[in-house]
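So the structure is just underneath, and the comments pick up after that.
The values are calculated or read from the model by the stated rules, or taken from the named source; none is laboratory data. No experiment lies behind these values; they were computed from the predicted model shown. Virtual Cβ from ideal backbone geometry, glycine too; neighbours counted across all protein chains shown. Side chains are part of the model used for accessible areas, which takes the heavy atoms of the whole protein and leaves out ligands, DNA and RNA. Shrake-Rupley method; radii C 1.70, N 1.55, O 1.52, S 1.80 Å.
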Amino acid sequence: MNQPPVARRSPLRLATTLIAASLVAAGTAVALATSADAATTLGASAAASGRYFGAAVSANKLSDSTYVGILNREFNSVTPENEMKIDATEPTQGQFSYANADRIVSHAKAQGMQVRGHTLAWHSQQPGWMQNMSGTALRNAMLNHVTQVATHYRGQLSAWDVVNEAFADGGSGARRDSNLQRTGNDWIEAAFRAARAADPATKLCYNDYNTDDWGQAKTQAVYSMVRDFKARGVPIDCVGFQSHFNSGSPYPSNYRTTLSSFAALGVDVQITELDIEGSGTTQANTYRNVVNDCLAVARCNGITVWGIRDTDSWRASGTPLLFDGSGNKKAAYTAVLEALNSGGTTDPTTPPPSSPGPTTPPPAGGGACSASVTLNQWTGGFTATVKVTAGASAVNGWSVTVTLPSGTSVTNTWNAVATGSSGSVRFGNAAYNPRIAPGGSTEFGFQGTGTGPSGTPSCAATA
């Protein structure tokens with residue numbers, strides 16, 4: 001399925017709806033008295049149940065008065081369609097460009113809307129310099145990008161799509177083969193940890209398409225990843241379901257089960273790029289079903305449609321949105337508003353299958369191993385990739401001690417367990433990577449503020 005440029009959400013304007021939006025950000029469900037405005041606009045009606053209703057927005061359309069009029073009237077959340085993607089924010093390595101994304105954020109703030117960030121790490125819409133990278137250089141560049149962009153918007157967004165579309169279509173349930181995936185299977189975890197370090201208060205989401213049907217292998221693979229992340233303490237707060245529906249990828253009857261099952265893992269669920277091809281009553285009824293499914297799941301806290309008018313859509317010929325090309329409300333709009341105003345009924349969340357907790361890593365000490373460090377340094381911070389190599393005998397547990405310069409502090413670690421954050425820091429193996437074959441190696445990484453280490457780390461191993 002061809003995926004659209006990512007777009008985001010829009011605003012509420014009355015005092016009651018602004019209160020609702022602030023409570024949503026705090027994770028609180030609200031029930032507000034329905035005002036005349038709450039009964040007649042999407043955003044205000046969604047806010048009455050503690051949710052947002054947003055739209056994907058393009059900066060170059062903010063000069064279109066019809067477009068902006070609908071945006072400001074109807075929505076309480078926005079998602080920049082393309083303006084926060086990698087090629088837009090870092091067109092040249094190390095040189096960041098935020099003007100268009102900032103324009104959308106400023107417009108949203110002025111209207112009292114929240115903003116979803118989209119997206120920090122993705123195999124698509126990479127600038128040429130990133131497309132030509134691989135291995136450790138690409139991993140470090142990706143982490144630097146996540147850190148710099150998330151830091152720029154620190155405290156300004158409600159959520160980030162940290163990683164987008166990392167799983168393959170079809171029945172394999174495998175990860176998508178991409179340059180980022182080839183840097184190591186832990187790249188998604190590393191991106192989430194870097195985003196949390198850069199912006200501790202913003203919710204961090206995984207976002208994908210064709211994950212709506214609970215019975216599909218791709219859906220189950222994403223579910224397993226999220227369950228694993230929650231069990232191991234990887235910082236993930238929400239899962240986004242793009243939900244692009246048409247005859248080839250129809251709305252599934254078990255959609256509510258999907259939302260509820262993910263929510264039971266302890267994450268928010270969000271419908272992030274909704275569009276439904278069709279027209280008339282059939283399209284309207286499908287929109288109504290999707291909204292009712294979200295309303296039935298307490299942790300489904302928002303819906304974003306992928307554009308405003310049909311002519312703004314990435315698949316305009318399918319007339320998939322709530323307003324026609326002239327900005328008139330369609331039958332689908334009426335169905336959505338009626339569903340939002342009804343408030344729906346909340347079902348109990350389906351408990352997830354039991355999953356094992358994290359395993360305590362074995363102690364490391366003695367034995368033979370060596371370690372080397374590769375740095376990616378920028379002003380005020382760095383990422384370090386540490387390669388641990390076994391000697392002539394197999395290693396069944398390892399630890400690496402790194403001495404950091406004065407004023408330097410570790411903020412984030414992946415593929416290892418850190419003891420301490422400054423001075424002499426010990427990194428022990430994680431539960432899943434203690435063993436290294438004779439002469440083999442493994443890698444872990446950490447991120448920090450200040451200047452990265454310059455000396456050779458010491459390594460100890462358990463034979």
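Brief remarks on what is shown
- Mean ellipticity per residue at 222 nm, deg cm²/dmol - from DSSP H runs of n ≥ 4 across the chain, formula -39500 (n - 2.57): -8500 deg cm²/dmol
- MET142 exposes around 0 Å² of accessible area when a 1.4 Å probe is run over every protein chain in place.
- Extension gain, ALA296 back to GLN93 (0.36 nm per residue minus Cα-Cα distance, nm): 68.6 nm
- Taking a ≥ b ≥ c as the square roots of the eigenvalues of the Cα gyration tensor, the range 167-280 is prolate, since a/c reaches 1.5 or more and a/b is larger than b/c.
- Tensor-based shape of the range 117-208 (alpha-carbon gyration tensor, a/c under 1.5 rounded, otherwise prolate or oblate): oblate
- Distance in nm between pseudo-label sites at SER317 and SER424 (7 Å out along the Cβ direction from Cα): 6.8 nm
- Cα centroid separation - the range 306-321 against the range 394-453, whole Å: 48 Å
- Only helices reaching 15 angstrom along their own axis (Cα) with mean Kyte-Doolittle hydropathy no lower than 1.0 count here, and for the DSSP H runs of the chain these are 15-25.
- With the simple model of a label 7 Å out from the Cα in the direction of the Cβ, ALA231 to ASP169 spans 3.0 nm.
- The alpha-carbon of LYS387 sits under 28 angstrom from the alpha-carbons of these lysines, leaving out residues fewer than 8 places away in its chain: LYS230.
- TYR251 contributes about 60 Å² of solvent-accessible surface, heavy atoms of the protein only, 1.4 Å probe.
- In the full protein context, the chain carries 36 Å² of accessible surface per residue, based on a 1.4 Å probe and ignoring ligands, DNA and RNA.
- Mean separation of Cα pairs under 8 Å and 6 or more residues apart, divided by the residue count, gives the range 157-278 a relative contact order of 26 percent.
- Karplus-derived 3J(HN,Hα) values for the range 446-461, using 6.51 cos²θ - 1.76 cosθ + 1.60 with θ = phi - 60°, are 8, 10, x, 9, x, 9, x, x, 10, x, 7, x, 8, 10, 10, 9 Hz; glycine and proline are entered as x.
- Against the criterion of solvent-accessible heavy-atom surface with a 1.4 angstrom probe, ASP268, ASP228 sort, most first, into ASP228, ASP268.
- If R0 equals 25 Å, the separation of the Cβ atoms of SER409 and ALA368 corresponds to a calculated FRET efficiency of about 0.25.
- Set of lysines with alpha-carbon distance to LYS61 below 22 Å, sequence-local pairs under 8 removed: LYS85, LYS109, LYS329, LYS330
- Of the accessible area of the chain, computed with a 1.4 Å probe over protein heavy atoms only, carbon and sulfur atoms account for 49 percent.
- On full extension, the segment bounded by ALA392 and ALA110 gains 95.1 nm, given 0.36 nm per residue less the C-alpha separation.
- For the range 188-242 and the range 258-298, distance of Cα centres in Å: 18 Å
- The chain: relative contact order as a whole-number percent, Cα under 8 Å and 6+ apart: 12 percent
- Overall form of the range 362-451 per C-alpha gyration tensor (a/c, 1.5; a/b vs b/c): prolate
- Distance between the modelled labels on SER247 and LYS329, one decimal in nanometres: 3.0 nm (7 Å Cα→Cβ projection).
- If both residues of a DSSP beta bridge must be in the chain, then about 55% of such bridges are antiparallel.
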